[in-house]
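To start, the structure itself, in structure tokens.
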Amino acid sequence: MKKQVKVVLLAMVLLCLGGLLFAQGEKAVGVTGAGAAANLEASLKVDTSVLKAADGQPLLRLSSELPKIPTRPANPEALPDTDPLRWFDMEYAGWDTKKTNIPASPKDGAIGKRVVMIVHGDHPWTTACSNGAKKVADAYGMDLKILSPNWDLAVQNQMIDQSINERPDMILIIPLDATTAIQQARRINQSGIPFIFFNTLPTAEAMNYAITWTGPDDFGQMRKLAKVFADEMRRRNPGAKELGIAYVQHAPGGSPYFARSYGPLSELAGYAPEVVTLDMQAPGFEADRTMQLVSDWLTRFGPRLKGIFAADDSAQALGIIEALKKAGRDDIVVVAAGNSKIGMDMVTDGSLFAITYQTAEGDGALAVQTAADWFNGKELPNRRDIPQHIITKADVADFYPPQW
Amino acid sequence: MMRKNKLDKSKLLALGDRFRIYILFGVIFIFMSLFAPRFFNSYNLTTILRTVSMNATIALGFTIVMICGEMDLSIGRTATFAAVIALTLQKKFGYGISVPIAVLAGAGVGLLNGILVAKIKINSFIVTIGTMTILQGATYTITGGNSVSLSGDKVFAISDFLAKPLLPMLPPRVLLTILFVVVFHLFVSNSQWGRNFYMVGGNRTTAWLAGINTDRITITAFILSSTMAAVAGILFAMESSAATLNMGDNSLMYVVSATIIGGTAMSGGKGGILRSVVAVLSLEMLYTGTILFGFGNEVKIFISGLILALVVLYEAYASYKHEKTIGQRAVLLEELAQAKEKI
């Protein structure tokens, strides 16, 4: 037993010695003087507007419409879920922030910069997102390293620490959880490494520490989808005093969970008061579990159920449509967030009424482009949104071939 | 001479087997230090120690359960459950009250597990799967399906205190983990109570015949396991100022793998606290190395599975060899046959 203790103590001493010997790790080497000016000049000449996504759409698209930001209520959390201002801190996160300790742009160009991108997890969407990011990184000759914690917060925290250890020129990160992102943001900010959040929104406080955020305005998109959803239900059920709907939710915790449930819920409360929420459930992203959930709803609510709002247009939508087919309920309007091949095929065949334009490649590409713009010394807004669009049968063909 | 060589070889193999986890640790540490970019520096080593803290703390109690020949699948969910309680109550009462309540809640889970296994005689696999599911539901009910997070200068001050090194490379959370390791190691290896865990795991009937209260020992093991899982979850949440609903999920497979790789037998009666902790540390160094080499999470999972598979395969082979050796003791078999004839 004493031997074991000695071995462990020796191991600890080795670790300590190692740490002390190499106390500060490696430092990033920057470009200075004439080299920096030349690099900036070359970098500014790079034209990424010609890049295309796999669906033939332009890879980089920026929303030209700026949202009208209402006045923040004193305590949004005290408001009911049906009040759009209840979600103020999530929906408008980043627009009004007090930036803290943000590093100044080196203004030495994006070419040759080392960028670490930490995504949320392995998924076909992530693959497409990474492809888009790589296209822009390649155009600028950036060294892009992509890390995936596979939905594990502890692993993402560890990856953040390891990225800090590597001292890259920039960190791009999809926060795994909106609320836990504050500490992650503080940690990167304290290290002095510039970083950008992308894809999913963290809470407003976390945004104080980031240069900016890029991605889809999920709340805005869901509000648009909710209106299209209500219109179609009204068309199919003329004069109905009650339109019962149910929500298949995203994974709890992340911003899509809130945006894709409470975005439409609070929008419909004002736009279509006859819409009644019968249930909200988060079955995960498995078709069979979603199918079971929807089958239960059909038994429980019967003809009262007129519509289903899903957070995912692939596995969840598959489960929903399968359950409806088995029950012979083709009267139910189904809409879903997402822009996958499965979703687009179902919009084409009419089983899914509408989905949202959600360019995965464009999402990753915009994050890297924004990093490049920062290296190039461009002034950045607090948020860079991807344009919103609702895809229906009328224009689904324009988005083929799908990105994922 | 030949016999002596054979003995030396078998002694060496036995020694290698006994210290295999320390050898693995040394090999991984040296390899990563030499070849993994930016592995061997204080920031990275601090990161490794901080990351290890949670699973090493969970492994302390879990190892005791396995030494007793039982299994606790609820550790990950207990960590999440306790973290959620600690953070939810903190908003009203502060950490001074919320943390003890959360630790007690964790201990309560262990007590329930222990009673169901020891007194009601339900298989620990079944019991802890049930507890795991109940805890998941309870956590979702408490949080309404959302993560719990805290903010404010006081909370961040505590969070920063736990994360920033107090001594070179040793933040308070790591120092606490080291303290837990020392206490648990001394308790399990030097106390009568600790030795009883091995007795119960080795042969429950013999332990009972020797006058050991086997039920009490089993219940204690489960309480320690859940309590340490709760403590680990709470400390992680305090450092992150947040608790997500799946934060402890991956700890289960990680801790089970590390404990088995560390040499604790699933059948019970064999193993050690230090071995499990060193195994957790070794796996973490391996994971960190894979990331530093630029490999993805999938490679990390693959390597972890591969090591576990190799260890289980080795254990099976060693067990087979052991049984074969027993069968070859012709003299003993003869004596047994003679004894039977006399009866």
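The values are calculated or read from the model by the stated rules, or taken from the named source; none is laboratory data. From a predicted model like this one, the values you see are computed outputs, not experimental measurements. Positions of Cβ are generated from backbone atoms using ideal geometry, with glycine treated the same way; all protein chains shown enter the neighbour counts.
Quick check: anything in the stretch B:18-33 part of a helix (DSSP H, G or I) and either touching a Pro at 6+ places or on another chain (Cβ under 7 Å) or more than 14 Å from chain A (Cβ to nearest Cβ) (or both)? Don't jump to the end; show me each part of the working.
Applying the first criterion (part of a helix (DSSP H, G or I)) to the stretch B:18-33 yields B:18, B:20-33.
Right, trim to either touching a Pro at 6+ places or on another chain (Cβ under 7 Å) or more than 14 Å from chain A (Cβ to nearest Cβ) (or both) and you get none.
Within the stretch B:18-33 (the criterion being part of a helix (DSSP H, G or I) and either touching a Pro at 6+ places or on another chain (Cβ under 7 Å) or more than 14 Å from chain A (Cβ to nearest Cβ) (or both)), the answer is no, since none of the residues qualifies.
Residues checked against (1) in contact (Cβ under 8 Å) with a residue 24 or more places away in the chain; (2) more than 28 Å from A:S63 (Cβ to Cβ); (3) among the small types (G, A, S):
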position	(1), (2), (3)
A:A154	no, yes, yes
A:D161	yes, yes, no
A:M233	yes, no, no
A:K241	yes, yes, no
A:G244	yes, yes, yes
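Go through A:R300, A:R329 for me and flag whichever is part of a helix (DSSP H, G or I) and not hydrophobic (A, V, I, L, M, F, W, C).
Working: A:R329 fails: part of a helix (DSSP H, G or I).
From the options A:R300, A:R329, the qualifying one is A:R300.
Of the conditions (1) surrounded by fewer than 23 Cβ atoms within 10 Å (Cβ to Cβ); (2) assigned to a strand (DSSP E or B); (3) more than 14 Å from chain B (Cβ to nearest Cβ), A:Y247 clears all except one; give me its number.
Here A:Y247 clears every test but (3).
Here are some conditions: (1) within 19 Å of the chain's Cα centre (by Cα); (2) outside any loop (DSSP other than H, G, I, E, B); (3) of a type outside the set (D, E). B:N246 meets all but one. Which one does it not meet?
Unmet condition: (2).
For A:D169, state whether it is closer than 28 Å to A:N101 by Cα, over 14 Å from the mean Cα position of the chain (by Cα) and away from chain B (no Cβ under 14 Å).
Yes, satisfied.
Among (1) away from chain B (no Cβ under 14 Å); (2) in a strand (DSSP E or B), which single condition is A:M280 missing?
For A:M280, the exception is condition (1).
All but one of (1) assigned to a helix (DSSP H, G or I); (2) away from chain A (no Cβ under 14 Å); (3) of a type in the set (G, A, S) hold for B:G69, so report the exception by its number.
Looking at each condition in turn, B:G69 falls short on (1).
What's the number of the only condition in (1) within 13 Å of chain A (Cβ to nearest Cβ); (2) among the polar types (S, T, N, Q); (3) farther than 25 Å from A:A204 by Cα; (4) surrounded by 15 or more Cβ atoms within 10 Å (Cβ to Cβ) that B:N113 fails to meet?
(1)
Being more than 8 Å from chain A (Cβ to nearest Cβ), among the hydrophobic types (A, V, I, L, M, F, W, C) and in a helix (DSSP H, G or I) narrows it down to one residue among B:L310, B:L274, B:L281; which is it?
So the residue among B:L310, B:L274, B:L281 that is more than 8 Å from chain A (Cβ to nearest Cβ), among the hydrophobic types (A, V, I, L, M, F, W, C) and in a helix (DSSP H, G or I) is B:L310.
In the stretch A:58-71, how many residues are surrounded by 11 or more Cβ atoms within 10 Å (Cβ to Cβ) and either at pLDDT below 75 or within 17 Å of A:G220 (Cβ to Cβ) (or both)?
Final tally of qualifying residues: 6.
Need pairs with beta-carbon distance below 8 Å; first residue under 17 Å from B:T88 (Cβ atoms) and within the stretch B:235-258, second among the acidic types (D, E); sequence gap 6+ or separate chains.
If the second residue must be among the acidic types (D, E), the pairs left are B:A242/A:D177; B:T244/A:D177; B:N246/A:D152.
When you go through (1) touching a residue at least 40 places away in the same chain (Cβ under 8 Å); (2) part of a helix (DSSP H, G or I); (3) out of contact with any Phe, Trp or Tyr (no Cβ under 7 Å at 6 or more places or on another chain); (4) closer than 22 Å to B:N246 by Cα one by one for B:A138, which number turns out not to apply?
(3) is the only condition that B:A138 fails.
Give A:L366, A:L305 a once-over and let me know the one that is in contact with a Leu (Cβ under 7 Å, 6 or more places away or on another chain) and buried (at least 24 other Cβ atoms within 10 Å of the Cβ).
None of the others qualify; the one that does is A:L366.
Does the stretch A:126-156 hold any residues that are closer than 23 Å to B:L245 by Cα and under 18 Å from the mean Cα position of the chain (by Cα), and which are they?
A:T126, A:L147, A:S148, A:P149, A:N150, A:W151, A:D152, A:L153, A:Q156
Could you say which residue among A:A78, A:A110 is without any contact (Cβ under 8 Å) to a residue 12 or more places away in the chain and over 19 Å from the mean Cα position of the chain (by Cα)?
A:A78
Exactly one of (1) at pLDDT 95 or above; (2) farther than 23 Å from A:T392 by Cβ; (3) not hydrophobic (A, V, I, L, M, F, W, C) is unmet by A:T290. Its number?
(2)
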